[in-house]
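As C-alpha cells, the structure follows; a few thoughts come after it.
The values are calculated or read from the model by the stated rules, or taken from the named source; none is laboratory data. A quick note: this is a predicted structure, and the numbers were derived from the prediction, not measured. Cβ atoms come from the backbone with ideal geometry, glycine included; neighbour counts cover every protein chain shown.
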Amino acid sequence: MFQRVRSTLLLAAVLVLCSVLSLFIGVVNFSVSDVLNGNWEALEILVLSRLPRLLAILCTGMGMSVAGLIMQQLCMNKFVSPTTGATISSAQLGILFAFLFMPGSTLWVRAGFAFVSAIAGTWIFVAFIQRIQFKDVVMVPLVGIMFGNVIGGITNYLAYKYEMTQALSSWLVGHFSLVMKGRYELVILVVPLVLAAFLFANHFNIVGMGKDFSKNLGVPYNAVLFLGLTIAAMITASIVVVAGSISYIGLIVPNLVTMFKGDKLRGTLADTALFGALFVLVCDMLGRVVIAPYELPIELIVGILGSLIFIGLLWMRLNGKARIVRKPEGGCRG
Amino acid sequence: MLIQQLTKHYGAKRVVDEVSFEIPKGKVLSLIGPNGAGKSTVMGMISRLVAKDAGLVHFEGKDLAQWNSRDLSKRLAILTQSNNIQMKLTVRELVSFGRFPYSQGRLQEEDRQKVDEALAYMELEVIADQFIDELSGGQRQRAMIAMVIAQDTDYILLDEPTNNLDIYHASNMMKIVRRLCDELGKTVILVLHEINYAAFYSDYICAFVNGRVAQFGTVEDVISKENLSAIYGVDFEIQQVAGRPLSIYY
C-alpha cells in the first residue's frame, strides 16, 4: 500500500514546500516574521496578490495536466493535449466573441463563451480524427496543431478587423502577473472538474481501450467520450480565461507520469495533478527570479522547457514501439 | 440464442442475407467461410457491436435490442482483435475490467476473488503485475481470455482468436476454448479461418458463403469433401485422424 502511494506523498510534500517558498518571492520583500507579527502591508500583499497567484498556479498546473491526461486516454494517442487538440485556441476564439458581442461582459460571461467554443472545437477535432484513420500516431497532433492554427488565424483576423488585438493579447500569452483577488476565482472551477475526472477514471480507461472493448463491458462509448472531452475542454477554458494560453503542460506532464506509473487512471491521476502543479509552480518561480524585479511570462519558461521535453518524447517514441499501426476500428486513433 | 432473418447492408451490398440459425447452449460453435462471407458481421450483430438492418436475435427470452447493455454484459462477452494493446496496464488491471459490469470500477471482495480465480485458471499469476504491452502475443491473448472469464458470462464470443498466433499458441488457445466449454459450461462461438481447428475443437459448425448460411450442423455433417469444395471453391481431401475429420486442401 505504501509503495503505491509513495510517489504521491513525495510529490505532495515537495509541492507544499515550494508553495510556501513561492509566497515569499516577489518585488516587495517580506519575511515570515513580518506576517506573524501582523505587519499590515505584508498581510495585504499576501492575501491580495501572492495567495491568489499561488492558487491560480496550482489550479492551472493541475487542470492542464489532468485535461491532457483525459484527452490522451480517450483519443488513444499520447500526443493529444489541449494545445495539440485545438482546445486552447478555440477557448481564445470564444473570449474574442465575448468581447465582440458583449463588450462590457464580466469574467464569468467570457468564461461561458470560452466554455462553449472550447467544447465545440475539441468535439470537432475528435470527430474529425475519428473519421480519418491515420497510419502514424504523430499525424493526429500535427492535424490538431494545424486546426488550432486555423482557429488562431480566424481569431487574429477578427481581432485586427475590430481593433481588439490589445485586449486579446493578454489571453494569447499565458502569464500570472494580472492574477489578484477578484480576478482569478473562476480558476477554482478546475477543482470540481478534476474531482469529476477522478469519479469517471475507470470509464475513461475502458473507453481508451476501444469501442468494442467498452461495448462488451456495457460502457456507453460515445457518452463517456463526450463527457470526458467536455470535462477536459471546460478545465482548459477556465484556465485560459484567467491566465491565458499555457501550452505543453497538458502534453508533457501526463506523458512523464504514465511512463513511470502506467496507464491505469486511478493510479496516475493524483500524481499527474500534483506533478503538473509543481511543474507550473517551479516555472513561475523561475520566471519571477530570472530578471527580478521584472518577470517573464510563464508561457515563455514553460515553452522553452516544454518544447525541449516534447522533442525528447517524440524522439523516444519514434525510436520505440509507437509506430505500430493498429487495425482501423473505432476510437480516435492515430 | 435464436437468430432469424438477420440482414446487413454496407451501401448497396448485402453482406449478410437473411441468416437464420440456432446456437446450441453449452457447446462450441465455429463460424467458417471464405473472406467476405459475412461471418464476422454476423458475430458483430449477435453481440450488439454491429447494428443489424433487419431480423431478430432472440437471447434468453427477449430480443437482443431490448437488453440493457450493462445487464447483457453480464451474460455475453465478446473479444475482437481490435482492442488497444498499447495501453500500459498490468495483467491484473486488465482482468479487473472484466468485473466492471458488476462493480462499476469499485471492486468488492467477490470481484477480487473472481479476478484471482480467472488469473489462476489462465496460469497468469506469475505475470499478473507485468504490463500487457511488454507481453508476447500468446500471453496477451491469455490475459484477454482471463478478463472474459472474470466477466463470468454464459456466452463467450471470440472473433478469430488464433489470428497472429503461432501454431503452438494457436492450438493452446483452441484447447482453452474447449476447457471453457467442458469445464466451465460456457457456450462459445468462434469465427475461425483454420478449418481444422474448427473440426477438431468445436461441436457445431456454421459455414457462410456470400452472406448466407451454406451449411449448419455437427462437425461430421459439415466437414465433407463435397461441402467444403462448394464452400471454398478449392479441392479437398478428408482423412480421419484421432476420430476427427482432417481436411487437406491444395
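Return the residues of segment A:17-36 that are under 28 Å from the mean Cα position of the chain (by Cα) and either over 15 Å from A:Gly276 (Cβ atoms) or outside any helix (DSSP H, G or I) (or both); say none if nothing qualifies. Answer for segment A:17-36, where residues must be under 28 Å from the mean Cα position of the chain (by Cα) and either over 15 Å from A:Gly276 (Cβ atoms) or outside any helix (DSSP H, G or I) (or both): A:Leu17, A:Val20, A:Leu21, A:Ser22, A:Leu23, A:Phe24, A:Ile25, A:Gly26, A:Val27. In segment B:95-113, is there at least one residue being in contact with a strand residue (DSSP E or B) (Cβ under 8 Å, 6 or more places away or on another chain) and among the aromatic types (Phe, Trp, Tyr)? No, segment B:95-113 has no match at all. Put simply, of B:Gln81, B:Gln104, B:Gln86 the only residue that is under 26 Å from B:Arg212 (Cβ atoms), surrounded by fewer than 21 Cβ atoms within 10 Å (Cβ to Cβ) and at the interface with chain A (Cβ under 8 Å from one of its Cβ atoms) is B:Gln81. Cβ separations smaller than 8 Å between residues 6+ apart or across chains give the following pairs from segment B:50-74 residues that are touching a residue at least 40 places away in the same chain (Cβ under 8 Å) to residues that are assigned to a loop (DSSP other than H, G, I, E, B) and of a type in the set (Asp, Glu): B:Lys74/B:Asp152. Identify, please: which residue in segment A:297-321 is part of a loop (DSSP other than H, G, I, E, B) and surrounded by fewer than 18 Cβ atoms within 10 Å (Cβ to Cβ) and is, among those, modelled with the highest pLDDT? Among those residues, the one meeting the criterion is A:Gly320.
Checked against (1) more than 9 Å from chain A (Cβ to nearest Cβ); (2) at pLDDT below 90; (3) in contact with a Phe, Trp or Tyr (Cβ under 7 Å, 6 or more places away or on another chain), B:Val28 passes all but a single condition, namely (2).
Going by the structure shown, is B:Val50 more than 8 Å from chain A (Cβ to nearest Cβ), in contact with a strand residue (DSSP E or B) (Cβ under 6 Å, 6 or more places away or on another chain) and within 22 Å of B:His9 (Cβ to Cβ)? Answer is no for this residue. Restricting B:Val42, B:Val15, B:Val50 to those that are assigned by the TED database to the domain that holds B:Ile195, part of a strand (DSSP E or B) and either hydrophobic (A, V, I, L, M, F, W, C) or under 27 Å from B:Arg70 (Cα atoms) (or both) reduces the list to B:Val15.
The listed residues are B:Asp111, B:Asp133, and the only one of them that is within 14 Å of chain A (Cβ to nearest Cβ), modelled with pLDDT of 90 or more and closer than 21 Å to B:Arg92 by Cα turns out to be B:Asp111. From the list A:Leu11, A:Leu21, A:Leu15, the one residue that fits, being of a type in the set (A, V, I, L, M) and within 22 Å of A:Asp263 (Cα to Cα), is A:Leu11.
Counting only helices (runs of 4 or more DSSP H) wholly contained in segment A:185-296, the ones carrying 1 or more residues that are in contact with a Phe, Trp or Tyr (Cβ under 9 Å, 6 or more places away or on another chain), buried (at least 24 other Cβ atoms within 10 Å of the Cβ) and away from chain B (no Cβ under 14 Å) occupy A:221-243, A:249-261, A:265-290.
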